[in-house]
1. At what distance in nm do the modelled label points of residue A:404 and residue A:479 sit from each other, each positioned 7 Å from its Cα along Cα→Cβ?
2. Please give the Cα centre distance for the range A:435-488 versus the range B:323-370, rounded to the nearest Å.
3. Using alpha carbons only, how many degrees (0 to 90, rounded to 10) separate the axis of helix A:284-294 from the longest principal axis of chain A?
4. Under 1.5 on a/c is rounded, so check that first for the range A:486-623, then, if it is not, pick prolate when a/b is larger than b/c and oblate when it is not; a ≥ b ≥ c are the square roots of the alpha carbon gyration tensor eigenvalues.
5. Roughly what % of Cα-Cα distances in the protein assembly as shown sit above 47 Å, to the whole percent?
6. Go ahead and estimate [θ] at 222 nm for chain B from helices alone: -39,500 (n - 2.57) per DSSP H run with n ≥ 4, summed, over the residue count, rounded to 500.
7. Can you give the average number of partner chain beta-carbon atoms within 10 Å of each beta-carbon in peptide B:375-383, as a whole number?
8. Of the peptides A:148-161, A:602-615, A:250-263, how do they stack up when ordered by the mean number of other Cβ atoms within 10 Å, highest first?
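Where a number appears in this text, it was derived from the coordinates with a stated rule and is not lab data. Computed from a prediction, not measured in an experiment: that's the story for all the values here. Cβ atoms come from the backbone with ideal geometry, glycine included; neighbour counts cover every protein chain shown.
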């Protein structure tokens, strides 16, 4: 059922996403085949032709330090920290770029190599401004670690004594301190190659080289989508999220304020890493206790509104299909595209504004929750919404931008006051002296309660699709998802393939229309025998492939529903998650999320009792009804690529 | 034919050139020979001639072309590197001004040798004024059937040449940076391997050759390898053009056999009382009088042809500063040793000027220079400290012990 997405590749791959020609050698093993003997520091290993020295050394357990290298990015070979001696070569060679294509003898730690590495570190330190104590990345900084590893005890080539750049904090999400930049260009490769946004690029030459934006404009004024992937890959403190820790402490310390926090699914799978735990251990219920100890008045589960999103967005999809197929309304835009990822939403606003009608009008779970806290929750508990400070814990830097969108104030107040990242919360809890991994577990607070497995898997790519399918399939067929997919695990939409594709054929026997949407769709006869087509993409580079295919009228233009997450891996790889990141780390976080899903008694959004209750008590005109439209749906801004 | 004595040619002022061998060779004779024989004959002849790259690196042209000829690719390219940016070089300008047909014939021969249909002349931005004339030459060659379909009258051989302008970056003289620039990218060197012969312009096999190299190719085809290697040394065959400037009586473009000593060259240009000579431009070496016996050849002191003469009154520290300022500005900014190392060396020169540089720190800077030579990504960074190192080595007495007052 899964199609590896061959068709969209007929669209010519843009130059920016091809590995630069100078790196093509790493693709040689397939072409040539065979293995080659390499001797590294006296140890022998056989490697496929084209393996880099760095990879071969790693196999042998030999550590070669790196800085500009990153497992998610194409090779650059610019920092020169990984240089090694190759027998027969006049100069040192960068281990990260050098492909082994002939028998080779390498020395990774000669006097010359050590001196060169030490010089490179000393040079980088000489252009690096600021000290470690006051840096957001202290103890999580690759430059600091290298300085320690190579025994830097003094600044051999001096130290920068004054700033050359102002701290650039125009963006709601990303703060740039270019005086801490070591020009490894990981952010550039992230922005251009990994995400295909292309906001950051090296500008200037020689000693004037700097990472800049178009015409060096503030980040807020260019086509940045706030995904924060650059932050995740920055080795130093040059890029960081806009920090709200102090404002939140202030609110907590103010007795007049009622401070609530909603926590998204991905941070619970990542926050352990800020305490030094190995990736993949979820601390969901420990975090509830910790947040209360830190002073939050209530701790809610964003999964509640994830489930609500499924009902609203699923209903919207059913309505679009019904209006297109039965009412033959030509204005219906299909495929419907998800809207939970604010990085993706800003991407489409900039790069494909003509497709905004395809984006689901349902707000993201964060913003649905924000709107409900200052209306439903405030009413129910007799709290003046102006006294509520609504915080959201997100794996995401784009959520900071999203909660500041002017349209996100349907409660009459700013729906979500602060979006904090997993990294920021890790710091807050440490400031509060809380030993997160070892505190007792506790539940989420009512009235929203716990959630379903469907809400939890929103954190991984394919999760929203799986959650939506669990509900939509049951709605239409009247069958149980378990009858179609073992344990209701819709495996074809899981995993890290860049683009996933799935078709589901609706049987000729359909079920009754569930009560909750009966007033919208009279029956399912129109869906009998239909083949519904779905796709999933994560990372905006993959989203771009899908959008280009849709533009060209390819197979994705025939899809009915497409999930897009702005970040590679989905939210578990979000720009607000702990640093470092790598495919392995994201896979471990995803495993944590799927095992939580499996442990839930209720695993389908439409079976969430709290969701059903809110439609009885508050959103009484049902999904996509008047009230939900007012509070839970929104509109978008066609921004385009023009930079003023 | 030997040219034991240099032939003064068009100097920086662009005076007409006489006496260069290029003036005596029929540009189309070589092309005719190359197109009339079997393809492999071309590289065979080049191998026999011993021709090595005239841009300065001295890579054997036949090897480069053989690799590109053997490489697989839907398309291949002949690129002429006319980004003559090395301080003190101007011989390519003279060649392009006066013997463009030789260069274009050489490119066409290259196209035949490796199986390319397209040639690109990458012309440095500062030579924009030459573009119209060069385009006219190309147009004339097209009309004469020397370019285009059945080029040179060879049925089925299609080859044309276009001109693409550089944008003023020195580093684009480095062949992989040049290719990046050709592709519309920021001009920055690529990682090597793979090399352009295999993965060049648009990821396809490409040869990148200096203007002068291509002109010699046309001459070798016309007159034969034996004629070419009759002069020069075993490892550095043939004649070479030198751009001579600085403190000498007769600056200009000269032609000498490779292997000529610095002293002999100085004699010919009227610079025998020089204090030092910078061979190879900013990226080359600074030779004191004691080294004037050295030979200008790939096996001794290699050069792309830039000879800058420093008279007795020159301040060598100022010379070092001048070259380092150049590299601080012209490093592409990509790799750490070159970008930041050049800055530290320049700061070191400033300390020396003020008499504030300790011998210990000077030793540290020499070590850093070695790191730059070994660990930089491309030839620019690897050669950026050369001038500094040779001046520090050979003129230690002059540069140490200055006071802030400059005494």
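1. Taking the simple label geometry, residue A:404 and residue A:479 are separated by 4.9 nm.
2. That distance is 60 Å.
3. It works out to around 90 degrees.
4. Since a/c reaches 1.5 but b/c is at least a/b, the shape of the range A:486-623 is classed as oblate.
5. Working: 219747 of 551775 pairs.
When every Cα pair of the protein assembly as shown is considered, 40 percent fall beyond 47 Å.
6. Value at 222 nm, helices only, nearest 500: -12500 deg cm²/dmol.
7. Taking the mean over all residues of the peptide, I get 4.
8. On the way: A:148-161: 12.7, A:602-615: 20.0, A:250-263: 18.1.
The most tightly packed comes first, giving A:602-615, A:250-263, A:148-161.
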